[in-house]
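Take this structure first; my questions come after.
The values are calculated or read from the model by the stated rules, or taken from the named source; none is laboratory data. If you're wondering where the values come from, they're calculated on a predicted model, not measured in any experiment. Note: ideal-geometry Cβ built from the backbone for every residue, glycine included; neighbour counts use all protein chains shown. Just so you know, the surface numbers come from the protein's heavy atoms only, side chains and all, with ligands and any DNA or RNA stripped out. Shrake-Rupley method; radii C 1.70, N 1.55, O 1.52, S 1.80 Å.
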Amino acid sequence: MEKGHILIVEDEEKIARVLQLELEYEGYKATIKETGTEGLHAALEEKFALVLLDVMLPGLSGLEVLRRLRKTDMHTPVILLTARDSIPDKVTGLDIGANDYVTKPFEIEELLARIRAALRQNGSASEDPGTFLSLGDLQVNEKTREVKRGDQEVELTPREFDLLVFLLKHPQQVLTREQILTSVWGFDYLGDTNVVDVYIRYIRKKLDYPYEKQLIHTVRGVGYAIKE
Ligand code: CA
């Protein structure tokens, strides 16, 4: 039985390949990305059971990847691969949301044990009823991705959902299109900021227009705010 899909972000080809083989041998599916940018992109686009993230990557460092990932994804467990002597990386990594770290060179058995522990922890966390975000009669369960206005369920696409969650985490604040774009679409999104307006229109159609009270407000020339 497949145990879950693990993303390996590691620029050292040999290490990445050994990790992949070991993980596949253990029954996981494993995908390799060799740069921070590609790794972040993959992690934002697809749901992985866990991410193994090398800290020393060319271009976007592992810590920067983690920081950007955690803006929208608080749940996917991340284990950092750090250099033996790099205490600051470990501390920063844990501070910004890594679940664990393994020091290179590592014993594969130890890494596998830490992967199992992180997955177990995440599994038991997902049995809790979830994190609720709410505003007025709007209720969002981040874990089950259920959205309700009053007692009516609202169906959102994954991107619409992520956009709504981002707004709800910054209530009353005026958010610029660029802020929204960076957080919801990712920093390396190449399209223009019009996509934000398009998606705001989509969620308004589902969430606001059918109801008396509008929650999403346009702030002319600046961006959008969610408030009662
Ligand atoms: Ca490296």
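Only one of THR92, THR31, THR37 is of a type in the set (Ser, Thr, Tyr), in a helix (DSSP H, G or I) and either in the same structural domain as LEU163 (by TED's automatic domain parsing) or more than 15 Å from the ligand (Cβ to nearest atom) (or both). Can you tell me which?
THR92
Which residue is nearest to THR37 (Cα to Cα), if the candidates are limited to region 155-182 and must be among the polar types (S, T, N, Q) and modelled with pLDDT of 90 or more?
Top of the filtered list is GLN179.
Take LEU60 and tell me if it is touching a residue at least 24 places away in the same chain (Cβ under 8 Å) and assigned to a loop (DSSP other than H, G, I, E, B).
So LEU60 passes the test.
Next question. Need at least 3 residues that are open to solvent by less than 40 Å² (accessible area, probe 1.4 Å) per element, so show me which helices (runs of 4 or more DSSP H) inside region 131-228 make the cut, counting only ones lying wholly within it.
The helices (runs of 4 or more DSSP H) meeting that bar are 158-168, 194-207.
Looking at (1) more than 16 Å from the ligand (Cβ to nearest atom); (2) in a helix (DSSP H, G or I); (3) more than 23 Å from TYR224 (Cα to Cα), which is the one condition that is false for HIS75?
The number of the failed condition is (2).
Among GLU38, GLU22, GLU46, GLU13, which is the only one that is in contact (Cβ under 8 Å) with a residue 60 or more places away in the chain, open to solvent by 20 Å² or more (accessible area, probe 1.4 Å) and among the acidic types (Asp, Glu)?
Among GLU38, GLU22, GLU46, GLU13, only GLU22 is in contact (Cβ under 8 Å) with a residue 60 or more places away in the chain, open to solvent by 20 Å² or more (accessible area, probe 1.4 Å) and among the acidic types (Asp, Glu).
Please give the number of the condition VAL102 fails out of (1) in a strand (DSSP E or B); (2) modelled with pLDDT under 85; (3) among the β-branched types (Val, Ile, Thr).
Here VAL102 clears every test but (2).
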